[in-house]
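Input: a single structure, listed below in structure tokens.
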Amino acid sequence: MTRQQVEALFARRDAAVSQHDVVGISALNSEDVVVSSPMAGGTVVGRAAVDEVNRAYFSGFPDVTFTRETLVIDGDRAVWIGEVRGTDTGGFMGLTATGKPFRLPMVMVCTLKDGVIIREQRIYDFTGMLIQIGVLKAKPL
């Protein structure tokens, strides 16, 4: 893929994510996409499984936003660097909603092939998010 094609793919992805459009996000992934994510509990394979993870995120945090700050492109790899924010108003992972907000940096490392994402690794502080929304308690230092 050319640099312009990768930039266009991520522009479409950012637009679909901002609309919470699971079908639109899914269309940018290969049928057998592999996604590693703390929220998924590890690695999930295939569009349907990734769609479930994305729906759970949008359901648990109906106001969630992803803001891209940087897109690094190197051949068949792209790294999305940004921030995710949301509020636990939808009940996260089957738990009662806390109504508390979270904000944290996020990195997504993607491998591309034939115009779609074939592998994505989502890197963020899942424990920190759980503390921010009040699911986990932490002792102050």
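Couple of notes before you dig in:
- Test: residue in the range 89-99 that is in contact with a Ser or Thr (Cβ under 8 Å, 6 or more places away or on another chain) and closer than 30 Å to GLN5 by Cβ: no
- Within the range 118-141, being among the hydroxyl-bearing types (Ser, Thr, Tyr) and either touching a helix residue (DSSP H, G or I) at 6+ places or on another chain (Cβ under 9 Å) or at pLDDT 95 or above (or both) holds for no residue.
- Single residue of ARG55, ARG68, ARG119 found to be in contact with a Cys (Cβ under 9 Å, 6 or more places away or on another chain) and not hydrophobic (A, V, I, L, M, F, W, C): ARG119
- Of the set (1) in a helix (DSSP H, G or I); (2) within 16 Å of ARG13 (Cα to Cα); (3) of a type in the set (Ser, Thr, Tyr), all apply to THR127 but (2).
- Complete set of residues in the range 109-130 that are out of contact with any Leu (no Cβ under 8 Å at 6 or more places or on another chain) and of a type outside the set (Asp, Glu): VAL109, CYS110, THR111, LYS113, ARG119, GLN121, ARG122, ILE123, PHE126
- One residue stands out in the range 117-141 among those that are among the hydrophobic types (A, V, I, L, M, F, W, C) and in contact (Cβ under 8 Å) with a residue 24 or more places away in the chain: the one that is farthest from VAL84 (Cα to Cα), namely ILE118.
- Among residues of the range 72-89 that are without any contact (Cβ under 8 Å) to a residue 24 or more places away in the chain, those with a beta-carbon under 6 Å from a residue that is of a type in the set (A, V, I, L, M, F, W, C) and surrounded by 14 or more Cβ atoms within 10 Å (Cβ to Cβ) at least six positions away or on a different chain give the pairs VAL72/VAL79.
- With respect to the conditions (1) among the β-branched types (Val, Ile, Thr); (2) farther than 16 Å from ASP14 by Cβ; (3) modelled with pLDDT of 95 or more; (4) in contact with a Gly (Cβ under 6 Å, 6 or more places away or on another chain), VAL34 lacks only one, and its number is (4).
- Filter result for SER36 (more than 12 Å from the chain's Cα centre (by Cα), of a type in the set (S, T, N, Q) and surrounded by fewer than 18 Cβ atoms within 10 Å (Cβ to Cβ)): no
The values are calculated or read from the model by the stated rules, or taken from the named source; none is laboratory data. All of these numbers come straight from a predicted model, not from anything done at the bench. Using ideal geometry, Cβ is built from the backbone for each residue, glycine included, and neighbour counts are taken over all protein chains shown.
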